[in-house]
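Written below as structure tokens is the structure these notes are about.
Any read-out appearing in this document is the output of simple, stated calculations on the displayed coordinates, not a laboratory observation. Just so we're clear, the structure is a prediction, and the values are computed from it rather than from any experiment. Every residue, glycine as well, gets a Cβ built from its backbone with ideal geometry; the counts of neighbours run over all protein chains shown.
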Amino acid sequence: VTVAYPGAPGLDLLSPAATEDPYASLAPVRAASPVSYSEVHRAWLLTGHQVTAWGYTARQLSSDRIRPLLARGEIGPDSARIMEMMRDWMVLSDPPAHTRLRRIAAAAFKSRRIAQLGEHITARVDSLLDEFIATGQRDLIEHVTHPLPGSVIAELLGAPPADSDRFREWSDELALVAFGTGGEHRDDRHVRALHGLEEMFGYFRELIGAARSRPGDNMISVLLDPQVPGVAPLDDDEILSMCALLLFAGHETTINSIANGVLALLTHPAELARLTADLSLVPAAVEEILRWDGPIKLVVRWITDEAEVDGNVLRPGQRAYLVNAAANRDPGIFDRAGEFDITRSPNPHLAFGRGMHACIGAQLARLEMRVALERIVTRLPGLRLAQPVQWHSSLASRALTALPVEYDGTRP
Amino acid sequence: VKVAARRSTCEGGAACMLALPDRFIIGDDGKAVVIDDEVDEDDYEDVAAVIRNCPTNSLRMTGY
């Protein structure tokens, strides 16, 4: 039986044009139909804001991409251990497993605990900027945005600050193993990454042991004794898995959110000037950055039960891409959707998702973005791009390869 | 004062969970579950803001 799907003919989201400007590539697809089937990607593309928001909450769409792979035995012995760990990740789980993990994680994401991190984040950003300025560096990603999230997560987990660089290495390795980033040297790097992750597991086990014998004011201590009535506590493997998830989920996305935000401001000098003149605009600017050029272009879901959306029938076993990069520029929802406006309100962007998997770290991500952007525009007056930028070719991540800048008084 | 979710109108958009992940989760049925309903003076404003921002107006405070 041949089934005709409304197509998004030809659009390859990994093509150079779509990598450079996914928004321009996706606009005609969304305009033709908010739901379409891509033969190139063999996936449904949900590109309208309304249908994408539906996709995040629809019960027929599953987040569990690991269990089916494990069940089919398609994973080599090298990766099996990592996959076993990812099986416990709440982002990749459906209820009821998801609900239990989420309830416990909620205990670890106490609002006051997150708010208290503000001072730590400010001090860390300032010390990174001190060094950036003193050494005359140019790449804001390598020297400022990349080192930041690892040190915040280290602080959250109660690890010594001196170890925070190891967190960033592990996080890069995790990305490589979990999502196959890394390009041509992948096989070699894959093996090294697996070794690195074994080291990470050992390190986390030590942190868990230390928190068990001397509970402190950190997330691992909370995870060991979350005091959530009626919910079985996590075992050590599950805590390990959740620590790795926090690191993985909070690292690359945060780097790219800040870097993409700086880029958006540098390519819209009038908005940068407005922000610099009135720092009370920072929170709204953060939301607009997340809408305009957020860190996640799309999220993958599996269809487990037949679903009808906008006249299309999505069948079990098919894939759906929830395309934030299209939904967040939907002119039916956002006035002047193609304009970057740091005072936009309301701003119902989908950068943190919706529904049960919506980002548990959203508060923390917003805090890191606010502090970093405020300190960067304040401490680097006259900030401007030093060279044109390039983007990593990636289906899901919106990631710059580097962010070379100059500012008034850059050391030669 | 306590905060509660009206499950008959909640659509699980998760605005509450994004703002206060230690109080609200989206449960098995895709609707908000209040996992910490006690609202004291310190977080009254935060909770009030979440109630104002609920797109389906499904949250309320009770017990004044």
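Counting only DSSP beta bridges with both residues in the protein assembly as shown, the antiparallel share comes to about 85 percent.
Charge dipole of the stretch A:232-391 (Cα centre as origin; +1 on each Lys and Arg Cβ, -1 on each Asp and Glu Cβ, all else neutral): 600 debye, rounded to the nearest 20. Computed over the Cα atoms of the stretch A:273-412, what is the ratio Rg over Rh, Rh following Kirkwood? Ratio value, two decimals: 1.04. Between A:Asp12 and A:Glu206, the modelled label-to-label distance comes to 4.6 nm, taking each label 7 Å out from Cα in the direction of the beta carbon. Considering helices alone, the calculated mean residue ellipticity of chain A at 222 nm is -16000 deg cm²/dmol, with DSSP H runs of length four and up weighted by -39500 (n - 2.57) and normalised per residue. Assuming R0 = 25 Å, what is the FRET efficiency of A:Ala162 and A:His190, from their Cβ-Cβ distance, to the nearest 0.05? The computed FRET efficiency comes out at 0.35.
A simple charge model with +1 on the Cβ of Lys and Arg, -1 on the Cβ of Asp and Glu and nothing else charged puts the dipole of chain B at about 460 debye relative to its Cα centre.
Could you point to the residue in A:Ser257, B:Ala48, A:Ser127 farthest towards the positive end of the protein assembly as shown's charge dipole, with +1 and -1 charges on the Cβ of Lys/Arg and Asp/Glu respectively? The residue sitting most towards the positive pole is B:Ala48. Between the helical axis of B:44-53 and the longest alpha-carbon principal axis of chain B there is an angle of about 30 degrees. All other residues whose Cβ lies under 14 angstrom from that of B:Met61 are scored, Lys and Arg at +1 and Asp and Glu at -1, for a net of -3. Counting only residues at least eight positions apart within a chain, or on another chain, the aspartates and glutamates with an alpha carbon under 18 Å from that of B:Lys31 are A:Asp94, B:Glu11, B:Asp22. Here the Karplus curve 6.51 cos²θ - 1.76 cosθ + 1.60, taken at θ = phi - 60°, turns the phi angles of the stretch A:227-242 into couplings of 6, 9, x, x, 10, 5, x, 6, 8, 4, 4, 5, 5, 4, 5, 5 Hz, with x standing for Gly and Pro.
Of all the stretches in chain A, which is the longest one without any exposed loop site, taking GluC sites (Glu not before Pro) in a DSSP loop (any state but H, G, I, E, B) with at most 14 other Cβ atoms within 10 Å? The longest uninterrupted stretch comes out as A:75-305. The mean sequence separation of alpha-carbon pairs under 8 Å and at least six residues apart, normalised by the residue count of the stretch A:344-410, gives a relative contact order of 24 percent. Taking θ as phi - 60° and the Karplus parameters 6.51, -1.76 and 1.60, the scalar couplings of the stretch A:400-406 work out to 6, 6, 6, 9, x, 10, 10 Hz in sequence order, x denoting glycine and proline. With contacts taken as Cα pairs under 8 Å and at least 6 residues apart, chain A reaches a relative contact order of 24 percent. Charging the Cβ of each Asp and Glu at -1 and of each Lys and Arg at +1, and nothing else, the dipole of chain A about its Cα centre rounds to 800 debye. Taking amide H positions as modeled 1.01 Å from N, with prolines and chain starts lacking one, no residue 5 or more places away or on another chain lies under 5 Å from A:Ala58.
Residues considered: A:Tyr56, A:Tyr203, A:Tyr23. Largest GNM mean-square fluctuation over chain A, using C-alpha springs under 10 Å, is found at A:Tyr203.
Proximity of backbone amide H atoms, modeled 1.01 Å from N, is registered between A:Ala386 and A:Val405, A:Glu406 at under 5 Å, excluding neighbours fewer than 5 places apart on the same chain. Just the number, please: Stokes-Einstein D of chain A in µm²/s, Kirkwood Rh from C-alpha pairs, 20 °C, 1.002 mPa s. Rounded, D is 96 µm²/s.
Working from Cα pairs under 8 Å separated by at least six residues, relative contact order for the stretch A:210-323 is 16 percent.
Near A:Leu45, the amide H atoms lying under 5 Å from its own belong to A:Ser36, A:Tyr37, A:Ser38, A:Tyr321; only residues 5 or more places off or on other chains count, and H is placed 1.01 Å from N.
Sequentially through the stretch A:139-155, phi angles give Karplus couplings (6.51, -1.76, 1.60; θ = phi - 60°) of 8, 5, 5, 4, 9, 10, 6, 5, x, 5, x, x, 6, 5, 5, 4, 4 Hz, Gly and Pro residues having no value and appearing as x.
Cross-link partners of B:Lys2 among aspartates and glutamates, defined as those whose alpha carbon lies under 12 angstrom from its own and excluding same-chain residues fewer than eight positions apart: B:Asp36, B:Asp37, B:Glu38, B:Asp40, B:Glu41, B:Asp43. Projecting the Cα atoms of A:Leu266, A:Trp170, A:Ala396 onto the dipole axis of chain A, where Lys and Arg carry +1 and Asp and Glu carry -1 at the beta carbon, places A:Ala396 farthest toward the positive end. Extents of chain B, largest first, come to 30, 19, 18 Å (Cα atoms, principal axes, whole angstrom).
Note on A:Ala24 and A:Glu339: the model spin-label points, each 7 Å out from Cα along the C-beta direction, lie 2.1 nm apart.
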